[in-house]
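One structure is given here, and the rest of the page talks about it.
The values are calculated or read from the model by the stated rules, or taken from the named source; none is laboratory data. This is a predicted model, so every value here is computed, not measured. No Cβ is skipped: glycine too gets one built from the backbone with ideal geometry, and neighbour counts run over all protein chains shown. To get the accessible areas, we keep the full protein, side chains included, count just its heavy atoms, and leave off ligands, DNA and RNA. Shrake-Rupley method; radii C 1.70, N 1.55, O 1.52, S 1.80 Å.
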Amino acid sequence: PETEVIPALMFQDCEAMKTFEWPSGLREIESNAFESCLIKRIVLPEGVRKIGREAFRHNNALIVLGLPASLESFDQSALMGCERQLKAVHCLATVPPATIGYPYYQEEIRKSIAKATLYVPVGCKEAYSNAPYWHNFGDIVEYDYSEYTTAITEQSLDVMPNADKYGLDGRVITTTPGGIYIQNGKKYVK
């Protein structure tokens, strides 16, 4: 189905929601749309431009978030309260998306992403390191997304350097950085 906006509060407190099929044509996720859901992996489709206030707040199961190159605006409170499981955020935007901040929530916002790694396209680390909000991630790592030029895919999130490896069900497969990985018919040795 073609949907441009997921409205505010649409799926708030839907703890039974573990997965979500993103509609085609999606451009915006409004405030608190997925607050307190239990989705482990969120990979937003290309075309999403704006993520609103507290969109994924208190999603205590969230491990990995994939943000498309089209993203222009990301509310700083979107991931507030997600620090329990959050390991990685992949952002394909070559220019750090603009952020909206809240002075009275800054400590909680920082705590939510302080242990997570932000993966950005090669050549973009310095820009993210100097950008409001984005510099608060525990680590910022450049990642070669050249194989994934149109969008982040479930497979691209599974080949992360120096990170736990997860199956598509969100469970940890291995915590060691070494091994052989096969992706799209290509072999990777780490």
Exercise for the section: Assess whether Leu67 counts as being crowded, with 17+ Cβ neighbours inside 10 Å, in contact (Cβ under 8 Å) with a residue 40 or more places away in the chain and among the hydrophobic types (A, V, I, L, M, F, W, C). Expected result: yes
Practice task
Can you tell me which residue among Ala114, Ala163 is small (Gly, Ala, Ser) and either modelled with pLDDT of 50 or more or touching a His at 6+ places or on another chain (Cβ under 6 Å) (or both)?
Solution key: Ala114
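Matching residues to (1) in contact with a strand residue (DSSP E or B) (Cβ under 9 Å, 6 or more places away or on another chain); (2) under 15 Å from Ala69 (Cβ atoms); (3) open to solvent by less than 20 Å² (accessible area, probe 1.4 Å); (4) modelled with pLDDT under 95:
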position	(1), (2), (3), (4)
Ala98	yes, yes, no, no
Ser129	yes, no, no, no
Thr176	yes, no, no, yes
Ile180	yes, no, no, yes
Lys187	yes, no, no, yes
Handout entry: Complete set of residues in the stretch 37-57 that are open to solvent by 20 Å² or more (accessible area, probe 1.4 Å) and at pLDDT 95 or above
Key = Arg49, Lys50, Arg53, Arg57
Exercise for the section: Consider only pairs whose beta carbons are under 8 Å apart and that are at least six residues apart or on different chains; among these, list those whose first residue lies in the stretch 1-27 and is part of a loop (DSSP other than H, G, I, E, B) and whose second residue is of a type in the set (Ser, Thr, Tyr) and exposed (fewer than 14 other Cβ atoms within 10 Å of the Cβ). Expected result: Pro1/Ser24; Thr3/Ser24; Pro23/Thr3; Gly25/Thr3; Leu26/Thr3
